[in-house]
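S.K.: I have a structure here, written as structure tokens, and I will follow up with some questions on it.
Just so it is clear, none of the values below were taken in a lab; they were calculated from the coordinates. The shown structure was predicted, so the numbers you read here are calculated from the model rather than taken from an experiment. All Cβ positions, glycine included, derive from the backbone under ideal geometry; neighbour counts span all protein chains shown.
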Amino acid sequence: MPVLPARQPNGSWPARLDDKGRLKLPAKIQEFLEKFAEKTFFCTTLDGSTGQIYPIPVWERYQDFLDNYDEDPAAVRRIMTRAQGVGGEADLDASGRITLPAEMRRKLQLENRELRLQMYRGAVQILTQEAWLEMERDADNDPDALSKLEKAGLGKGIR
């Protein structure tokens, strides 16, 4: 059974929190999120540096994986402690804004900063401008990445 009700939007968008900790989502992301039957979202961080807004069915897939991953219980415990410790459920308001949990905003230092949003594995990813630039530098530092993926099959079968 597919988790995503529609195709994810492509691209990245600038964003900023308002003074109440609300994040205004771009129209394309709003349209995507509104296609989920569940209108509550789980906002958190898994790595302590980027935020995510998970539609509940997507988060449930992540949680199922973590619940069943027994190769490294300590890693699962650390990830879940972080995710639950700073995370929380939130709803998308009629204006397309979502209020991020205060502890998440504090941990990721999201307030009063330029942010970038993009879709990643079914969730809205929230990056500070600095994190975004670091990702761009990292992408530029691996000139062989595309050829590696093409050798693995990227683009095959498309005519």
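S.K.: Can you pull out every residue in region 110-151 that is in a helix (DSSP H, G or I) and of a type in the set (Ser, Thr, Tyr)?
M.R.: 147
S.K.: Turning to a different aspect of this structure: How many residues does region 91-109 contain that are outside any helix (DSSP H, G or I) and within 14 Å of the chain's Cα centre (by Cα)?
M.R.: 2
S.K.: Looking at region 89-121, which of its residues are among the small types (Gly, Ala, Ser), surrounded by fewer than 18 Cβ atoms within 10 Å (Cβ to Cβ) and touching a Leu at 6+ places or on another chain (Cβ under 8 Å)? Don't jump to the end; show me each part of the working.
M.R.: Quick first cut of region 89-121, residues among the small types (Gly, Ala, Ser) only: 90, 94-96, 102.
Now narrow it down to the ones that are surrounded by fewer than 18 Cβ atoms within 10 Å (Cβ to Cβ): 94-96, 102.
The answer is 96, and nothing else.
S.K.: Return yes when residue 52 is of a type in the set (S, T, N, Q), farther than 27 Å from residue 28 by Cβ and either outside any loop (DSSP other than H, G, I, E, B) or more than 20 Å from the chain's Cα centre (by Cα) (or both) and no when it is not.
M.R.: The answer is no for residue 52.
S.K.: Quick one: count up the residues across region 25-40 that are touching an Asp or Glu at 6+ places or on another chain (Cβ under 7 Å) and either in a loop (DSSP other than H, G, I, E, B) or surrounded by 15 or more Cβ atoms within 10 Å (Cβ to Cβ) (or both).
M.R.: 1
S.K.: How do the pairs read when you match residues in region 113-128 that are more than 12 Å from residue 8 (Cβ to Cβ) with residues anywhere that are among the basic types (Lys, Arg) and part of a strand (DSSP E or B), using Cβ under 6 Å and keeping only pairs 6 or more apart or on different chains?
M.R.: Sorted first by the residue in region 113-128, then by its partner, the pairs are 127/116.
S.K.: Now for a different question. Is one or more of the residues making up region 61-79 assigned to a strand (DSSP E or B) and either under 29 Å from residue 133 (Cβ atoms) or touching a helix residue (DSSP H, G or I) at 6+ places or on another chain (Cβ under 9 Å) (or both)?
M.R.: Scanning region 61-79, I find no residue that is assigned to a strand (DSSP E or B) and either under 29 Å from residue 133 (Cβ atoms) or touching a helix residue (DSSP H, G or I) at 6+ places or on another chain (Cβ under 9 Å) (or both), so the answer is no.
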